[in-house]
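*Asks:* There's a structure below that I have some questions on.
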Amino acid sequence: MTPLDLVPRPRTAHTAQGEGFTLGPRTALDTGPGTGATAHRIRAELGAATAAPLLPPDGTEQHVLALRLDPALGPEAYRLTVGAGRAEITGGAAPGVYWGAQTLRQLLPPRAWRRAGDAEDGAATAPPVRIEDAPRFPWRGFMLDVARHFTPKEGVLRVLDLLAAHKLNVFHFHLTDDQGWRIEIRRHPRLTTVGAVRSRTRVGHRASELWDPQPHGGHYTQDDIREIVAYAAARHITVVPEIDIPGHSQAAIAAYPFLGNADAVDTEALEPWTDWGVNPNVLAPTDAVLRFYEEVLEEVLELFPSPYVHIGGDECPDDQWAASPAARARMAEEGVTDPGRLQDWFNRHFGAWLAARGRRLVGWDEILQSRDPRTGAGEPGADRELPPGAVVSSWRGYSGGVAAAEAGHDVIMCPEQHVYLNHRQDGGPDEPAPIGFVRTLRDVYLFEPLPPRLAGTPHAAHVLGTQANLWTECVDTQQRLDYLAFPRLCAFAEVAWSALPPPAERDFADFERRMTAAHYARLDALGVKYRPPSGPYPWQRRTGVLGRPLDGPPPIV
C-alpha cells in the first residue's frame with residue numbers, strides 16, 4: 001500500500017521520506033480545545049484496533065497524535081501531517097477533525113479497521129505524508145429503504161459506520177411506505193401494531209410468481225431512533241427522516257382507514273401491501289388527515305434534529321381523488337379542476353407547517369413536476385408551486401434538478417439512471433434478482449452530480465449535493481445490502497467528496513488500483529460482503545428469483 005491508496009481521494013497528498021507514525025501502547029493523544037468528541041471516537045475505533053490506550057501526553061510516550069482546530073479551514077476541511085513520531089490532524093471544525101481521523105485510519109494497515117487488536121499484533125504505522133482535503137459537496141448522502149424490508153437497529157448502526165468510513169454525512173432514513181410503517185408514534189400506536197406487519201411478501205420483481213408466506217415486520221421504538229440519531233451525530237452524520245405523504249401510504253391507511261379515500265374505496269379491507277410498484281391507495285385530502293400527520297410529525301421532530309424532513313411526494317396516482325366526493329369538494333374549495341393538484345395542497349400545508357418550526361421540506365421531484373407517476377408522461381419543468389425553502393430530490397433524471405435549481409430551489413441530485421444501487425451491477429445471468437439498468441462500478445464512478453446545464457451558472461449553487469439510494473424490495477438480508485451497495489458506494493463517495501475532473505477525464509483505472517491495492521482489504525476487515533470484481537460468489541446468487549431486466553442504455557432526462 002502507498003499513502004495515495006485512499007478512498008475517497010484527497011485534494012492534495014504529498015509523501016515524504018523518513019520514519020512514520022506508530023499507533024501502539026506508547027502513543028499519546030494530545031487533544032486541543034473543541035476536539036474532545038473526536039478524541040473519544042479515535043480511542044474507541046483506532047485505539048481498540050491497535051491496542052493503543054491513547055492517553056494524554058506525560059513525557060514517556062514515543063509517538064503523539066495531536067488534534068487541533070483552525071477556523072481558517074472550512075468546517076469539514078482538514079489538514080493531516082504525518083511524520084517521525086508525530087501526527088497532527090487540524091480541522092476547520094469538529095467534522096473536519098473527524099474526517100481527518102478517517103484518512104489517518106486508511107494510512108494504517110487494513111487491520112486498523114477491525115474492532116479489536118492485541119498489543120503484539122495491533123500496533124500499526126502510517127507513512128510520512130501531508131494531506132490537505134475538503135469535500136466538494138456539503139450533502140453527501142445515502143438513502144436506505146427500511147419499509148420494504150426492515151433493517152434491525154444493529155444493521156442501521158453498522159450502515160452508519162460504513163458511511164462514516166467513506167466520509168458520507170447524510171443518512172436518508174426511508175421509514176414509511178405501502179409495505180410497512182417503521183417508526184413508533186405514541187399517539188397513534190396502530191401505525192406499528194398494524195402498519196408494521198404484512199402477511200406475506202412477493203419474492204423478486206412484481207411479475208414473479210414466488211411468495212414468501214412468512215409475515216414480515218419490525219419497527220424502531222422512539223428510544224431506538226434516539227440511539228440511531230445520537231450514533232450518527234457522533235460520526236457527523238445527519239439523519240433525515242422520510243414520512244411519505246400523500247402517496248405510498250397503504251400501511252398507514254390499513255392502520256387507520258379514515259386516512260384513505262373511504263368514500264371511493266373500501267379502506268377497511270386494506271392491509272400493509274404485500275406487493276411492489278405504484279400503489280393506488282393515497283391519503284384523503286381532509287383536515288382530519290392533515291391533523292393526524294401533524295401529530296406524527298410533532299413526534300418525528302422531537303426525535304430528529306435535522307433541519308430537513310422528507311415527505312416523499314412521489315408516485316401519487318390521483319384516480320381515487322377523482323372518484324372521491326370529498327376530494328372533489330376540496331378541489332372546488334381550492335379552485336382547481338385537476339385532481340393531481342391536490343398534491344400541491346399537501347405540499348403547501350406541510351411546507352409551511354415545517355417552516356414554522358424551523359425545518360425544511362424535502363420531496364422527490366414530483367413535488368415540482370406533475371408528470372404521470374406510472375408512465376412518466378408530461379414535459380419536464382417546474383409546473384408546481386413549491387413552498388419556500390423546499391428542497392427537491394431529483395430522482396427521475398437530471399431534469400427535475402435543473403428545473404428546481406433554475407426556479408430557485410435547492411436540489412439533491414440522485415438520478416435513478418446513475419445512483420440507484422438496487423439496480424444490477426452487471427448484465428450477466430448470475431446477478432441476484434437482476435433489477436433495472438446495469439450500473440457498473442465504472443458507471444457510478446463516472447456519474448457527475450452537477451448537471452452540465454447548470455455548470456458555470458449562478459444556479460449551480462442550488463445543488464446542495466448528491467445521494468445514492470438503495471430500495472429494498474429485493475434486499476431482505478444484510479448480505480444482499482452489502483452486495484448491492486459495495487463497492488459502488490465507495491465510487492459514489494469519491495464522486496461526492498473529491499474534486500474530480502469531468503467524467504471524460506476521470507481516471508477510473510487509478511480508482512480500481514486503489515480499491516485492489518488497499519480498499520477491498522479494508523472492506524474485508526469491516527466485514528462487508530461486497531460484490532467481487534470477478535462477479536458474485538455462488539452463495540451471492542439468487543437462482544430463479546425473477547428480476548426486471550431493462551434493455552438498452554438508461555434514458556437521461
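*Asks:* Fewest to most neighbouring Cβ within 10 Å: what's the order for L526, L464, L210? Write down the numbers at each step before the final one.
*Replies:* Details: L526 18, L464 22, L210 12.
Ascending Cβ contact count within 10 Å gives the list L210, L526, L464.
*Asks:* Now a separate question. So what's the gap between the Cα centers of segment 49-124 and segment 224-293, to the nearest angstrom?
*Replies:* Rounded to whole Å, the Cα centres lie 43 Å apart.
*Asks:* I need the peptides 66-76, 103-113, 190-200 ranked by packing, meaning the mean over residues of other C-beta atoms within 10 angstrom, with the highest value on top. Please report the intermediate quantities before stating the final value.
*Replies:* Numbers: 66-76: 16.8, 103-113: 21.5, 190-200: 19.3.
Answer by packing, highest mean first, reads 103-113, 190-200, 66-76.
*Asks:* Something else now. Tell me the mean residue ellipticity at 222 nm calculated for the chain from its helices only (DSSP H runs of n ≥ 4, each -39500 (n - 2.57), averaged over every residue, nearest 500).
*Replies:* On the way: 17 runs with 152 residues, N = 557.
Result for the chain: -7500 deg cm²/dmol, rounded to the nearest 500.
*Asks:* Work through the residues other than L163 whose Cβ is under 11 Å from its Cβ and net out their charges, Lys, Arg +1 and Asp, Glu -1.
*Replies:* On the way: positive: R140, R158, K167, R235; negative: D161.
After counting each charged neighbour, the total is +3.
*Asks:* For the modelled label position 7 Å from the Cα of D263 along Cα-to-Cβ, which residues of segment 322-361 have backbone nitrogen atoms closer than 18 Å?
*Replies:* Inside the label zone: 322-343, 345-346.
*Asks:* Using a Förster distance of 35 Å, how high is the FRET efficiency between L210 and A322, based on the Cβ-Cβ distance and rounded to 0.05?
*Replies:* On the way: r = 34 Å, r/R0 = 0.98.
After rounding, the FRET efficiency stands at 0.50.
*Asks:* Out of all DSSP beta bridges with both ends in the chain, state the antiparallel percent to the nearest 5.
*Replies:* On the way: 25 of 70 bridges.
The antiparallel proportion sits near 35 percent.
*Asks:* Which parts of segment 74-94 would a label at V64 reach, counting a residue when its backbone N lies under 19 Å from a point 7 Å out along Cα-to-Cβ?
*Replies:* Taking a point 7 Å out along Cα→Cβ of V64, the residues of segment 74-94 whose backbone N falls under 19 Å are 79-91.
*Asks:* Go ahead and run the numbers for FRET between T457 and A352, Cβ-Cβ distance against an R0 of 35 Å, rounding to 0.05.
*Replies:* On the way: r = 29 Å, r/R0 = 0.84.
That gives a FRET efficiency of 0.75.
*Asks:* Moving on to the next point. Round to a whole angstrom and tell me the spacing of the C-alpha centers of segment 295-339 and segment 472-506.
*Replies:* When both Cα centres are located, 32 Å separates them.
*Asks:* Can you sort R522, R357, R140, R202 from fewest to most other Cβ atoms within 10 Å of each residue's own Cβ?
*Replies:* On the way: R522 24, R357 10, R140 27, R202 21.
Starting with the residue having the fewest Cβ neighbours, the order is R357, R202, R522, R140.
*Asks:* Is the shape of the chain rounded, prolate or oblate, going by the alpha carbon gyration tensor and its root eigenvalues a ≥ b ≥ c, with a/c under 1.5 for rounded and a/b larger than b/c for prolate? Numbers along the way, then the final one.
*Replies:* Details: a/c = 1.82, a/b = 1.74, b/c = 1.04.
It comes out prolate by the Cα gyration axes.
*Asks:* Moving on to the next point. Once you place label points 7 Å from the Cα toward the Cβ at R541 and R26, how far apart are they in nm?
*Replies:* Distance between label points: 5.5 nm.
*Asks:* I would also like to ask the following. Over the chain, calculate the relative contact order: mean separation of alpha carbon pairs under 8 Å at least 6 apart, over the residue count, as a percent. All intermediate terms of the calculation are to be shown ahead of the outcome.
*Replies:* On the way: 1267 pairs, mean separation 78.9, N = 557.
Relative contact order, the chain: 14 percent.
*Asks:* Tell me, in nm to one decimal, what length is gained between D161 and L55 on full extension, where the rule is 0.36 nm per residue of separation less the Cα-Cα distance? Don't jump to the answer; show the numbers that get you there.
*Replies:* Working: separation 106, 0.36 × 106 = 38.16 nm, distance 2.40 nm.
Taking 0.36 nm per residue and subtracting the Cα distance, the gain is 35.8 nm.
*Asks:* According to a simple spin-label model (label point 7 Å from Cα along Cα-to-Cβ), what is the distance in nm between T221 and A16?
*Replies:* Between A16 and T221, the simple spin-label model gives 5.1 nm.
*Asks:* Hey, rough spin-label estimate for A499 and D338, points 7 angstrom out along Cα→Cβ, what's it come to in nanometres?
*Replies:* In this crude label model, A499 to D338 measures out at 4.3 nm.
*Asks:* Another one. Which residues does a label at E154 reach in segment 521-552, if reach means a backbone N under 20 Å from a point 7 Å past the Cα toward the Cβ?
*Replies:* Within reach of a label on E154, which here means backbone N under 20 Å from a point 7 Å along Cα→Cβ, segment 521-552 contributes 524-530.
FYI, it's all coordinate maths here, none of it is from the lab. These figures come from a predicted structure and were not determined experimentally. As a convention, Cβ positions derive from the backbone with ideal geometry for all residues, glycine included, and neighbour counts pool all protein chains shown.
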